[in-house]
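Here the structure comes first, spelled out in structure tokens, and everything after it is commentary.
We did not get these values from a lab; they are worked out from the coordinates using the rules stated. As the structure is a prediction and not an experimental result, all values here were calculated from the model. Cβ sites come from the backbone with ideal geometry, for glycine too, and all protein chains shown count toward neighbours.
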Amino acid sequence: MTDERTAIEDFLVDRPKYESVLRRLVERDRTEPWTFDDTSLDSGEFGELVSREFVEKTDKGYRFTDRNAIRRALEDDTTQPRIRSRSVDTSVLSDFSRPSIDRRAAVALVGTLVLLVLFRVLSLPSVFRGNDVVLTANDPYYYRYLVDRTIHGVGGGFIPETARVGEPLLVATLSVVSLLLGGSNSTAGWVLAWYPVVAAIVTGVLVYLLALRLTSDRRIGLASVAMLAIIPVHAYRTSLGFADHHAFDYVWLALTATALVYALTREVDNYRTGIFATVALGIGIAAQLLSWDAGALLVLPVGGTVALAVASIVQAEASPLSALWPVVAGTGLGTALTFLVHLGLGWQSTTMASVSAALFGATFLCVAVGELTSRRGLDSRTTLGLEAGSLLGLAGLYFVVVPSSGFRFDSGVDRLFGTAGVVEAGSMFSSDLGTIIGPLFLFGLVFVLGLPYLLWATWRSYRTHAPEWAVQAVYGWYLLMLSIVQIRFAGELSAFMAVFAGVGFVHLASKLDVTTVPTVLQSKSDRVRSADGGERTGLPMPERREALTTLGLGALVGSLSFVQTPVKMTQLTISDDQYRAAKAMQEYADNRGWEYPQNYVFSDWGHNRMYNWFVNGHSRSYAYAQEHYGAFLQSTSSEHWYRRLRDRAGFVVIEGPTGSDGKQLVSGTLQSRLQHQWGSGTSHFKAIWASEDNGRIAYTLVPGATVTGRGDPDSTVELSTDVNVSGHQFTYTQTTKTGENGWYAADVAYPGQYTGSGSTERVSEKRVLQGGIQDPTTGPAHWPLNAGRGGIAFDVRNGHHAVIEGAEWTDEGLRFDGTSRAVADEFPDPSNGFSLSVTFRTDANVDYRNEVKYPRLVSTAQSGAFNETNGLQLALYRGKILGAFGSGESAVRLEGPYVDDEQWHRATLTLSKQTASLSLDEKEIATAENAPPPAETELFAIGSPAEGGLSYKGEIKDVRLDVE
């Protein structure tokens, strides 16, 4: 026994890393032989161990010749780790960074990272255009908006209140970097454009460390980074300009998984690695929860990994607490960091922050259960059962302590399974991607290469004590399931699929006799050969044939990625036409001094944020466009949508040959009229820019000029003018009908010379933009109110047409309901003398003497007392006819008999040579001498005052205004 102990002590003097391995093997040796798969050694190191005299080979593996002697050599009487007289590396980073990277490995890693970057800068010409940074897709402009408000101190606090629940850490990080680099709008644009590429590089380094820690094989580490580089879904989600939250999430997800693997593969007494794994895990968990409002989904695998690792450690007859204290400490640190930021800065909801505490509780509970079962000698199945029961109890307690979590859980499930109309919310196997072949469009052939090794890792973690591979398996299956539900999680799966594909690539290369079989996959014969001095898994300089074969294999694996990645990036980048449309609208709005929301752009939601960022800087939400744009395209009522949009938007963008729902254009719809007819048949949509192929047109909303004229009664009149927009020559037409009196009116959206019904009329740009009747003449006016339809009350004498606002046509005239009127903004000047007459009939259902005491039939006066009239009016006063005019307090008031008898009456108010008179049904009933002229006013209103209430209820069928 003394010889055995001396032999093991001599063996460990220069080989300290074997100590933790021997500790585990001694525990396993108590019940059964052990094999290569039970160690974390590579084949050469394992061969050196089993060649020693204190190890003997059996039919089922290896056993120690004297287990007790080895145990005594490893531990003293107090069962604490034995202190050896050997030099100790005090570098804090020494163990965490092992295996070290030699010069050749460093060059190779840089080369694979360069490959990764090249795949992500394909969009470079589309992103940087002159002085503008044109981010790709739509969502990045949301973060552009938040960063802009942050660096300019808008919204209160360090980051705007709207960003504190959602992706606060991302917004804060991008804003801080932008401020450090100068804080200008241009700088922020560059930061957002390049951040995804930087995130991809960091993720690539973490993938290398993860693969290296799992396999101790630099070839697999490099191959894993290369696989990550060519996965299309990861490439375009971390491409130049694609500045949404996903690239940021990938970093913390990879950091968390790498920290777990380091924690599970460390030597039990190596506290340096344990501390670093603790810190990395805590940061990773907190960052995931603070970076995305669905970050809880990304930390859940930590709990599953811990549960399986505990069972595996119990099966290996080791202490879960000794092995997993860095994980417990890491989840605790994650909880502390999350709540520190949540309580201090108000980031994320309390429910989201509480997820970190629940994860810490679950981790602590699993390790405690495992430690208890380990000391009681219970098996792994019992441990798993107790863990499951404990976790269910903890979940129930969590929903009780945090009541809002139930609602958020339900809404999260709805969001996960119920989101429709968004591409990234579709399944990886959706029909849009080709069902079964969908993963190939997202991952290329990397998916085919990596999937078998996901199955292998699952089997290995089940059959042997390999908790580090359980990390890979749990994350792999979990994220694969999420990707099946929603494509958005395919990018998260990429890092883990890259490692599996990296193992597969090296394994496949070994089958082609390019390199040796990876240690993690070696058969028994392979292990013996390696133990006898076979090639180690380093990075030897390949021969010409090996290099060419490896490149050919890489080209084969990446063949689909080389096609799919550029195609997808082309789909995401902003096209030249879209960019030009945005700049044209921006220039148009700037020239007119428009402020938001005057310059809001109404477009398909998929590019709505981009358009609005360039035009008005408000790209927070596309909700309005998403909810209403489809209905707008399919509508046949341009007037309805003009009324809805005129106070909400300044521009409308029409793009593509089909509707947003993919349906072909339907004749008569707004999209058909605006896409192919340049707005002909509509009155308020004026094109200001069009692409060369006419596939994208930007319109502005205008009140439109009203063109009037006379033709044959009840006939159709087509008005037309020639227009040039962005080099496109076309004829804009508007069709209308004449009334029974032969008059017509039509609103037109373009300036120009209009011809129709044998007449020609010139419409100015100013009139189109301001609206109203086109250029009326001077002289007397007569509104017979006999058109019977339309929105214009025609002046049949001199074109002082009145716009009808709510009044309804009857067989005899217009009916007013107390809120409606007809208004002319051009009318004869009555100050030198006038004759105003109106033919009216009161309503039987209205009590004019008590309820509606002062309704005005015709008025230019302001609301107010009759003896303070500015302008002139004919009105009812407690059911009596009344005429008044003047310039304030000296107003003339003439009163007549009751007229609330539901009969037609004609009232006339006259001023001639300072003599005023009021007549009813051609009979003079009141006069006044030395009457002053009425004050000048801007509007002539039938049925209501020019401003405010005192509106008439009843019918009016004729109004005349003659002037001297």
Take the alpha carbon atoms of segment 706-775, find their radius of gyration, then divide it by 2.2 N^0.38 Å using N residues; give the quotient.
1.11
Translational diffusion coefficient (Stokes-Einstein; Kirkwood radius from C-alpha pairs) of segment 113-169 at 4 °C, 1.567 mPa s, in µm²/s
97
Towards the positive end of the charge dipole of the chain, with charges on Cβ (+1 Lys, Arg; -1 Asp, Glu), say which of ALA490, ALA280, THR760 has the farthest Cα.
ALA280
Per principal axis, largest first, the Cα atoms of segment 114-239 extend in Å by 50, 32, 24
Under 5 Å from the placed amide H of TRP689, counting only residues 5+ away or on other chains, we find ALA698
Any trypsin sites (Lys or Arg not before Pro) in segment 821-921 that lie in a DSSP loop and have at most 11 other Cβ atoms within 10 Å would be LYS913
So, for the Cα atoms of segment 576-701, Rg and Dmax in Å stand at 13.1, 38
Calculate the translational D of the chain in whole µm² s⁻¹ from Stokes-Einstein, where the hydrodynamic radius comes from the Kirkwood formula applied to all Cα pairs, the temperature is 20 °C and the viscosity 1.002 mPa s.
63
Across all Cα atoms of segment 295-412, Rg and the largest Cα-Cα distance (Dmax), in Å, are 15.1, 47
Cα axis of helix 246-265 to longest principal axis of the chain: angle in degrees, 0 to 90, nearest 10?
20
Whichever lysines have a C-alpha closer than 24 Å to that of LYS957, once near sequence neighbours (fewer than 8 apart) are set aside:
LYS737, LYS853, LYS880, LYS923
Helix 185-215 vs. the chain, principal-axis angle (Cα, 0 to 90°, nearest 10)
30
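Based on alpha-carbon positions alone, could you give the equivalent ellipsoid semi-axes of segment 799-963 from the gyration tensor, as √(5λ), descending, whole Å?
Output for segment 799-963: semi-axes of 22, 18, 15 Å.
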The answer for GluC sites (Glu not before Pro) in segment 540-602 that fall in a DSSP coil and have at most 15 neighbouring Cβ atoms within 10 Å is GLU543, GLU595
Compute the angle between helix 18-29 and the longest alpha-carbon principal axis of the chain, please, reported from 0 to 90 degrees and rounded to the nearest 10.
80
Cα-based Rg of segment 199-304 normalised by 2.2 N^0.38 Å, two decimals
1.10
Between VAL707 and residues 5 or more places away or on another chain, the pairs with built amide H atoms under 5 Å apart involve ALA746, ASP747, VAL748
Could you give the dipole magnitude of the chain about its Cα centre, charging the beta-carbon of Lys and Arg +1 and that of Asp and Glu -1, in debye to the nearest 20?
2920
Could you run the Karplus curve 6.51 cos²θ - 1.76 cosθ + 1.60 with θ = phi - 60° over segment 588-601 and give me ³J(HN,Hα) per residue in whole Hz, x for Gly and Pro?
4, 5, 5, 5, 9, x, 6, 10, 5, x, 3, 9, 5, 9
Ranking LEU345, ALA746, SER184 by how far each Cα lies towards the positive end of the charge dipole of the chain (+1 on Lys and Arg Cβ, -1 on Asp and Glu Cβ), the top one is LEU345
Percent relative contact order for the chain, counting Cα pairs under 8 Å at least six residues apart, stands at 8
Can you find, among THR136, THR215, GLN770, the residue farthest towards the positive end of the dipole of the chain? Put +1 on the C-beta of Lys and Arg, -1 on that of Asp and Glu.
THR215
Just check segment 880-957 against the gyration tensor rule for me: Cα atoms, a ≥ b ≥ c as the square roots of the eigenvalues, rounded for a/c under 1.5, and otherwise prolate or oblate depending on whether a/b exceeds b/c.
oblate
Please list, in chain and number order, the residues 5+ apart from ALA243 or on another chain whose amide H is under 5 Å from its amide H, with Hs placed from the backbone.
THR136
Using mean Cβ contacts within 10 Å as the protection proxy, how do 449-459, 47-57 order, highest first?
449-459, 47-57
